[in-house]
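One structure, pasted below without further comment.
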Amino acid sequence: MNTYLQRCRRVMKDAVSKIAIIGNESCDLDSAVSAIALAFHLQHNPALLSSWYKKDSTVVFPVLNVPRAELPLKTEVTYYIKRHGIMLDDLICRDEIDWNAEQALNVVLVDHHVSKLQQNVLGIVDHRPIESNARFDTNAFKTIELVGSCATLVGREILNLEATALQELSEGYGVALELLYGAIVLDTVNFSKQADKAKPLDYEIAAAIEANRSVLEENRAAHREQLFQRLVEARCDVSELNAHQLLLKDLKILSQNDRIVAVPGFPMAVQEYLKLPDHSEHLQRFAADTGSNVVILLGLKVLPDGCVRRDVGIVPIDDEPLAEKIVTALKASGQDTNFELEELPSADVKGTFFQQHNLKASRKQLMPIVKSVLSTLQCDTLV
């Protein structure tokens, strides 16, 4: 795997044909390892790329969708990648590519299917509902299935190889499968019934990877639990991060109709975040840097027994009416996406704060609701 990644960085600039495999902008563990594993797979077994792949002249490489300076904020990503012997300097980050100047570059999207990139999209691997504004090239390969982790879909693609092909590249594929396995365990909250994220395919691929990596069946539950705890500890290790860096750690941004809504996720409760030193000043600085009109804070705390706690904060920066519409929409969400919100007393930060009792609802369910609110703003201005 290291040899492959080092070659990618070495030949990328001069390659005649380039294909970037890029995850989503949160650059969480699922997104990062799915990009790495799929890029390695498509470089060595490019059947999905069809005629876009030219033997001996095409380089397929992963891109972490984060600026290099912010990569250390992704603590669980850096921990798990380094644990498998991968040097962070060998990985390519988003700001290390001149996207506007790259004429020979095509992309494959993993863990998302809507992108602002102007490059031609050759393929998509994603595990979330299709967005209304999604536009697909008819020639692109598409794997979009509602499973707990995008890594599950990449893992299935790799495990479909003949056993002999896996053995020929055993070291690289072994690392790829190990990386994907960690993301599946973390994304499904170790297959927690309470979180209810895991689907049958997640169980199937995790078990297949365990078998491939010679994890004995009687040891698998303990193996998963130990890995899950280590990944949660790494994700929650924010001891070196201040309140501003925490806002950047797991961030997604929505932009529509001249409005920007930032949605940072925390590995702690929002109420705990609001107790950090200078949190209010950092929040205002973050909003100014991102141009946000509203910031939605999402807290996720995993307790030692594996139970989950979620809370939410909607903070108006300079658009209270928009914040109020988002609050109303979240409260009125249908049965399938009911967040079961219980309002909490306001802290010293102006906003509306909730304890979330539906632990199954996550940012994946919240984003379409906020997008729907943003899409109505244009209609309001026309009335």
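Using a Förster distance of 25 angstrom, determine the FRET efficiency expected from the C-beta separation of Asp89 and His44, and round it to 0.05. Let's see the in-between values first.
Values: r = 23 Å, r/R0 = 0.90.
Efficiency for this residue pair is about 0.65.
Kindly provide the helix-only [θ] at 222 nm of the chain, computed as the sum of -39,500 (n - 2.57) over DSSP H runs of four or more divided by all residues, to the nearest 500 deg cm²/dmol? Don't jump to the answer; show the numbers that get you there.
Values: 13 runs with 154 residues, N = 383.
About -12500 deg cm²/dmol.
I've got another one for you. Among the aspartates and glutamates, which have Cα under 16 Å from the Cα of Lys331 when same-chain residues fewer than 8 positions away are ignored?
Hits, sequence-local ones excluded: Asp311, Glu340, Glu342, Glu343.
Which order do you get for Trp99, Trp52 if you rank them by accessible area with a 1.4 Å probe, largest at the top?
On the way: Trp99 40, Trp52 100 Å².
Largest accessible area first, the residues go Trp52, Trp99.
Whenever you get a sec, compute what percent of the accessible area on the chain sits on carbon and sulfur atoms (1.4 Å probe).
Details: 8560 of 17480 Å².
Carbon with sulfur: 49 percent of the solvent-accessible area.
Can you give the accessible area of Asp196, probe radius 1.4 Å, in Å² rounded to 10?
The accessible area comes out at roughly 80 Å².
Going by the alpha-carbon gyration tensor, a ≥ b ≥ c the square roots of its eigenvalues, is the range 222-287 rounded (a/c under 1.5) or, if a/c is not under 1.5, prolate (a/b greater than b/c) versus oblate? Can you show the working numbers first?
Details: a/c = 3.21, a/b = 1.62, b/c = 1.98.
Judged from the Cα gyration tensor, the range 222-287 comes out oblate (a/c at least 1.5, b/c at or above a/b).
Which value, in Å² rounded to 10, gives the accessible area of Ile253 with a 1.4 Å probe and all protein chains present?
We get 50 Å² for Ile253.
Give the aspartates and glutamates whose C-alpha is closer than 14 Å to that of Lys371, dropping any in the same chain fewer than 8 places away, or say none.
Partners within reach: Glu131, Asp258.
Residues with beta-carbon under 13 Å from that of Ala288, excluding Ala288: net charge, scoring Lys, Arg +1 and Asp, Glu -1?
Numbers: positive: Arg285; negative: Glu281, Asp289, Asp318.
Charge balance near Ala288 sits at -2.
Ok, one more. Please say if the range 114-216 is rounded, prolate or oblate, where rounded means a/c under 1.5 for a ≥ b ≥ c the square roots of the C-alpha gyration tensor eigenvalues, and otherwise the choice is prolate for a/b larger than b/c and oblate otherwise? Could you put the intermediate results ahead of the total?
On the way: a/c = 2.54, a/b = 1.31, b/c = 1.93.
Since a/c reaches 1.5 but b/c is at least a/b, the shape of the range 114-216 is classed as oblate.
Tell me whether the range 113-164 comes out rounded, prolate or oblate; compute the Cα gyration tensor, take square roots of the eigenvalues as a ≥ b ≥ c, and use a/c under 1.5 as the rounded threshold.
On the way: a/c = 2.73, a/b = 1.60, b/c = 1.71.
Oblate, since a/c reaches 1.5 and b/c is not below a/b.
Of the listed pairs Lys18/Lys364; Lys82/Lys116; Lys82/Lys199; Lys197/Lys249; Lys54/Lys364; Lys18/Lys360, which have alpha-carbon separations greater than 27 Å here?
Details: Lys18/Lys364 31 Å; Lys82/Lys116 30 Å; Lys82/Lys199 29 Å; Lys197/Lys249 22 Å; Lys54/Lys364 36 Å; Lys18/Lys360 39 Å.
With Cα atoms farther than 27 Å apart: Lys18/Lys364; Lys82/Lys116; Lys82/Lys199; Lys54/Lys364; Lys18/Lys360.
Using DSSP to define loop residues, name the GluC sites (Glu not before Pro) in the range 187-257 whose beta-carbon has at most 12 other beta-carbon atoms within 10 Å.
On the way: sites: Glu204, Glu210, Glu217, Glu218, Glu225, Glu233, Glu240; in loops: Glu240.
Counting only loop positions with at most 12 other Cβ atoms within 10 Å, the GluC sites (Glu not before Pro) in the range 187-257 are Glu240.
Express the accessible area of the chain per residue in Å², computed with a 1.4 Å probe while the remaining protein chains stay in the model. Please report the intermediate quantities before stating the final value.
Numbers: 17480 Å² over 383 residues.
Per residue, the chain has an accessible area of 46 Å².
Of the beta bridges DSSP finds with both residues in the chain, what % are antiparallel, to the nearest 5? If you can, show how the numbers build up before the last one.
Values: 24 of 50 bridges.
The antiparallel fraction comes to roughly 50 percent.
Can you compute the modelled spin-label distance between Leu117 and Thr143, with each label point 7 Å from Cα toward Cβ, in nm?
Result: 1.7 nm between the two label points.
Still on this structure, I have one more. Where in the chain lies the longest segment free of trypsin sites (Lys or Arg not before Pro) that are both loop residues by DSSP (not H, G, I, E, B) and have at most 14 other Cβ atoms within 10 Å?
Numbers: sites that count: Lys13, Lys54, Lys55, Lys116, Arg135, Lys193, Arg213, Lys275, Lys350.
Here the longest run is 276-349.
Per residue of the range 4-17, what does 6.51 cos²θ - 1.76 cosθ + 1.60 with θ = phi - 60° give for ³J(HN,Hα)? Whole Hz please, x for Gly and Pro, Karplus curve as stated.
4, 5, 5, 5, 4, 5, 6, 9, 4, 5, 9, 5, 6, 10
Given H placed on each backbone N at 1.01 Å, which residues far from Val66 in sequence or on other chains put an amide H within less than 5 Å of it?
Close amide H contacts, sequence-distant or interchain: Arg94, Asp95.
The values are calculated or read from the model by the stated rules, or taken from the named source; none is laboratory data. Model, not experiment: these values are computed from the prediction. All Cβ positions, even for glycine, are placed from backbone atoms using ideal geometry, and neighbour counts span all protein chains on display. Only protein heavy atoms, including side chains, enter the accessible area calculation; ligands, DNA and RNA are left aside. Shrake-Rupley method; radii C 1.70, N 1.55, O 1.52, S 1.80 Å.
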